[in-house]
Amino acid sequence: MLGIFSFQKFSTLDFPGRLAAIIWFSGCNMRCPYCYNKDVVFGEKRIEEDEILGFLKKRVGLLDGISFTGGEATLYKNLIPFSQKIKDLGFDIKLDTNGLNFDVIRDMVEKNLVDYIALDFKAPPEKFESITKNRHYEKFEKTLDFLIGSDVDFEVRTTVHTDLLDENDINKIIKILHQKGYKGTYYLQNYFETEKETIGNIGPQKRKLDTSKLLDLIPIEFRNF
């Protein structure tokens, strides 16, 4: 069963160019210390698929799309048939993912079940495990290579907390993307300070990223800086 934790019925911000609803999926195969969705990551299923589909049937022509976020939606292999039901209603789908579950992402792309993907590049290879608590950088890289070679619309993004990632780390990611032939915009997201307890109980950044030190090999856009 799908682990749907919560559901937001309307958003103008999450899915570029579309009015969308947002579905949060419980569980994650990473434990990033800055993650403030701790309740989602360690949460359990709260909402049935039929409740979501029933709502969407009433929103045909009013909403453009659905955004899958979490947690990590690709933990659930039956995301594929669920996505097909949503597409059959005429909605576009956006997927936020850490890229570790290659098979699910590939199937969604090849079956035309996803219209936009936001891929989180958590850290350069040498810091990947220390930040994500997952050692399988190669699984993320396989997904990155696949998406670069596909026709699906996607972005690469990194959340920056300068206690964890500095300018040198970001430049390593920029070089990797450049060398792999990534043609899109690289989005850098400043750590969002919140009163919610994060997974790693990490505090505020001691400083902000010095954007003047970043390489200009690919287009970069800054969010919340």
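Scan the stretch 82-113 residue by residue and report those that are among the β-branched types (Val, Ile, Thr) and in a helix (DSSP H, G or I). First the steps, then the outcome.
At the first step, the residues of the stretch 82-113 found to be among the β-branched types (Val, Ile, Thr) are 86, 93, 97, 104-105, 109.
Listed by number, the residues that qualify are 86, 104, 105, 109.
Of all residues in the stretch 72-108, count the ones that are of a type outside the set (Phe, Trp, Tyr) and open to solvent by 10 Å² or more (accessible area, probe 1.4 Å). Before the answer, list the steps.
Kept after step one, since they are of a type outside the set (Phe, Trp, Tyr), are these residues of the stretch 72-108: 72-75, 77-81, 83-90, 92-101, 103-108.
Among the residues that remain, those that are also open to solvent by 10 Å² or more (accessible area, probe 1.4 Å) are: 75, 77-78, 80-81, 84-85, 87-90, 92, 96, 100-101, 103-104, 106-107.
Qualifying residue count, the stretch 72-108: 19.
Please list, ordered by first then second residue, the pairs with beta carbon atoms under 7 Å, 6 or more apart or interchain, first in the stretch 171-197 and farther than 18 Å from residue 117 by Cβ, second open to solvent by 40 Å² or more (accessible area, probe 1.4 Å) and in a strand (DSSP E or B).
190/223
Can you pull out every residue in the stretch 13-56 that is of a type in the set (Val, Ile, Thr) and either in contact with an Asp or Glu (Cβ under 7 Å, 6 or more places away or on another chain) or at pLDDT below 95 (or both)?
Residues of the stretch 13-56 that are of a type in the set (Val, Ile, Thr), as a first pass: 22-23, 40-41, 47, 52.
Passing the criteria: only 22.
State which residue is most open to solvent (accessible area, probe 1.4 Å) when the search covers only the stretch 10-66 and only residues that are closer than 21 Å to residue 115 by Cβ, part of a loop (DSSP other than H, G, I, E, B) and in contact with a Leu (Cβ under 7 Å, 6 or more places away or on another chain). First the steps, then the outcome.
Initially, the stretch 10-66 is screened for residues closer than 21 Å to residue 115 by Cβ, giving 10-25, 49, 52-53, 55-57, 59-66.
Going one step further and asking which of them are part of a loop (DSSP other than H, G, I, E, B), we end up with 12-19, 59, 61-62, 64.
Adding the requirement that they be in contact with a Leu (Cβ under 7 Å, 6 or more places away or on another chain) leaves 12, 19, 64.
Details: 12: 84, 19: 65, 64: 66 Å².
The residue in question is 12.
Kindly provide the set of residues from the stretch 63-81 that are in contact with a strand residue (DSSP E or B) (Cβ under 9 Å, 6 or more places away or on another chain) and of a type in the set (A, V, I, L, M, F, W, C), ordered by number. Please lay out each step first, then the result.
First pass over the stretch 63-81, keeping only residues in contact with a strand residue (DSSP E or B) (Cβ under 9 Å, 6 or more places away or on another chain): 63-76, 79.
63, 66, 68, 73, 75, 79 - these are the residues of the stretch 63-81 that are in contact with a strand residue (DSSP E or B) (Cβ under 9 Å, 6 or more places away or on another chain) and of a type in the set (A, V, I, L, M, F, W, C).
When residues of the stretch 168-206 are filtered for being open to solvent by less than 80 Å² (accessible area, probe 1.4 Å), assigned to a loop (DSSP other than H, G, I, E, B) and under 30 Å from residue 149 (Cβ atoms), how many remain?
Total meeting the criteria: 4.
Find the residue count for the stretch 122-136, including only residues that are open to solvent by less than 30 Å² (accessible area, probe 1.4 Å) and either in a helix (DSSP H, G or I) or out of contact with any helix residue (DSSP H, G or I) (no Cβ under 6 Å at 6 or more places or on another chain) (or both).
The qualifying residues number 4.
In the list 209, 165, 214, which residue meets the criterion of being under 23 Å from residue 29 (Cβ atoms), among the hydrophobic types (A, V, I, L, M, F, W, C) and open to solvent by less than 60 Å² (accessible area, probe 1.4 Å)?
Details: 209 fails: under 23 Å from residue 29 (Cβ atoms); 214 fails: under 23 Å from residue 29 (Cβ atoms).
That would be 165, the only listed residue that is under 23 Å from residue 29 (Cβ atoms), among the hydrophobic types (A, V, I, L, M, F, W, C) and open to solvent by less than 60 Å² (accessible area, probe 1.4 Å).
Which one of these is within 13 Å of residue 99 (Cα to Cα), open to solvent by less than 30 Å² (accessible area, probe 1.4 Å), touching a strand residue (DSSP E or B) at 6+ places or on another chain (Cβ under 6 Å) and part of a helix (DSSP H, G or I): 147, 119?
Working: 119 fails: part of a helix (DSSP H, G or I).
Going through 147, 119 in turn, the sole match is 147.
The values are calculated or read from the model by the stated rules, or taken from the named source; none is laboratory data. As the structure is a prediction and not an experimental result, all values here were calculated from the model. As a convention, Cβ positions derive from the backbone with ideal geometry for all residues, glycine included, and neighbour counts pool all protein chains shown. Side chains are part of the model used for accessible areas, which takes the heavy atoms of the whole protein and leaves out ligands, DNA and RNA. Shrake-Rupley method; radii C 1.70, N 1.55, O 1.52, S 1.80 Å.
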